[in-house]
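Data first, discussion second: the structure below is written as structure tokens.
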Amino acid sequence: MDIQKVVTKLIKQKIINPNIKVCEELNGGTVSTLYLLTSEDGTKYVIKANDPQIIKTEVYFLNFYKENDLLPNLLFMDPSHHYIVYSFLSGSSDYTEKNKKEILKALVKQLINNYKAVPSKDGWGWADELSNSWQGFLLNEITIAKEILDSYLGEEEFNFILQLVKSEKRNILSKESFLLHGDCGIHNFIFDDGKLKGVIDPTPVIGNPLYDLIYAFCSSPDDLTKETLDSVVSHLTINNSRIHEVLYEELLIGLYLRLKSCIKHHPDDFNNYIKAWFYWKDILKNT
């Protein structure tokens, strides 16, 4: 993508201010390319380029929840779906390990409790590659994770998580489907003085809101305790009638998937996560 041509086009179409003084490529995108534009009056914009199908699903999510103040304001989508422009959320992406509980409570109250239902007949899981069922989505995800985790956890732990995924209890969370962020972790949170201010970079999933909450809970290796999870879940009002029956099983499924991501992206955190794995297995065994 020729960023200068794109900027010129956006100015001509009056999508962005004409007096752009800074255009810088941002680091941190794993599969996308990001540019930050700053105009003379201080207004900032983000241009995000990616595969058209990924761009389409992100646009779908941002439009679906365009009234939510935690999310960036979508300003423009390239007609060929190669890039989008959205408002820049000021703040810090640095997470400090001291107030995880309060951050997750804010996430639940301001975002997750405002999720809206979508037709489950269309499928479950990744919005751009739907599965026939929630169980089918999870089975595919843990099978992929197994390829990475085999030399760390082994067959016994995979069989344990496989039994959880295949359990009829998974149907409890398959009665109604919602449009979820899908990549709802601290790496996509924006903070202001340690408080949650924004959530960026959705990779939409069709599923139960508990999925995003557990994803967020497991996205950092600190404070992975029963007390914190129970406290945060108590604020979950959406589709919450039978969550207590499956909460710790869902946590272990989410934690298994997080162990895979940890090895790929944050191997130094693995020891903390593996301690949490056996901690939560003991909790489930004694529940």
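Residue check, residue 212 against (1) open to solvent by 10 Å² or more (accessible area, probe 1.4 Å); (2) of a type in the set (D, E, K, R); (3) in contact with a strand residue (DSSP E or B) (Cβ under 7 Å, 6 or more places away or on another chain), all met but one. Which one?
Answer for residue 212: the failing condition is (1).
Condition first: closer than 23 Å to residue 60 by Cα and either in contact with a helix residue (DSSP H, G or I) (Cβ under 6 Å, 6 or more places away or on another chain) or modelled with pLDDT of 95 or more (or both). Now tell me which residues in segment 157-186 satisfy that.
Scanning segment 157-186 gives 174, 177, 178, 179, 180, 181, 182, 183, 184, 185, 186.
Hey, among the residues in segment 151-188 that are among the hydroxyl-bearing types (Ser, Thr, Tyr) and under 28 Å from residue 100 (Cβ atoms), which one's surrounded by the most Cβ atoms within 10 Å (Cβ to Cβ)?
Checking each candidate, the answer is 177.
Could you grab me the full set of residues in segment 144-193 that are more than 20 Å from the chain's Cα centre (by Cα), among the polar types (S, T, N, Q) and assigned to a helix (DSSP H, G or I)?
Passing the criteria: 159, 163, 171.
Would you pick out the residues in segment 103-153 that are among the acidic types (Asp, Glu) and over 30 Å from residue 190 (Cα atoms)?
Of everything in segment 103-153, those that are among the acidic types (Asp, Glu) and over 30 Å from residue 190 (Cα atoms) turn out to be 122, 147, 150.
Just give me the residues in segment 189-209 being more than 23 Å from residue 129 (Cα to Cα), open to solvent by 30 Å² or more (accessible area, probe 1.4 Å) and in contact (Cβ under 8 Å) with a residue 40 or more places away in the chain, in sequence order.
The answer is 192, 195, 197.
Test residue 278 against the criterion of being among the hydrophobic types (A, V, I, L, M, F, W, C), open to solvent by 20 Å² or more (accessible area, probe 1.4 Å), over 15 Å from residue 107 (Cβ atoms) and without any contact (Cβ under 8 Å) to a residue 60 or more places away in the chain, and give yes or no.
yes
Looking at segment 4-56, which of its residues are open to solvent by 50 Å² or more (accessible area, probe 1.4 Å), in contact (Cβ under 8 Å) with a residue 40 or more places away in the chain and of a type in the set (A, V, I, L, M, F, W, C)?
Residue satisfying the conditions is 54 alone.
May I ask you to say which residue of 212, 223 is outside any helix (DSSP H, G or I) and in contact with a helix residue (DSSP H, G or I) (Cβ under 8 Å, 6 or more places away or on another chain)?
Result: 223 is the single residue among 212, 223 that is outside any helix (DSSP H, G or I) and in contact with a helix residue (DSSP H, G or I) (Cβ under 8 Å, 6 or more places away or on another chain).
Here are some conditions: (1) over 21 Å from the mean Cα position of the chain (by Cα); (2) not in a helix (DSSP H, G or I). Residue 85 meets all but one. Which one does it not meet?
With respect to (1) over 21 Å from the mean Cα position of the chain (by Cα); (2) not in a helix (DSSP H, G or I), residue 85 is out only on (1).
The values are calculated or read from the model by the stated rules, or taken from the named source; none is laboratory data. Given the structure is predicted, the values throughout are model-derived calculations rather than measurements. Because the Cβ atoms are built from the backbone with ideal geometry, glycine has one as well, and the counts that use them run over all protein chains shown. Heavy atoms of the whole protein, side chains included, go into the accessibility calculation; ligands, DNA and RNA do not. Shrake-Rupley method; radii C 1.70, N 1.55, O 1.52, S 1.80 Å.
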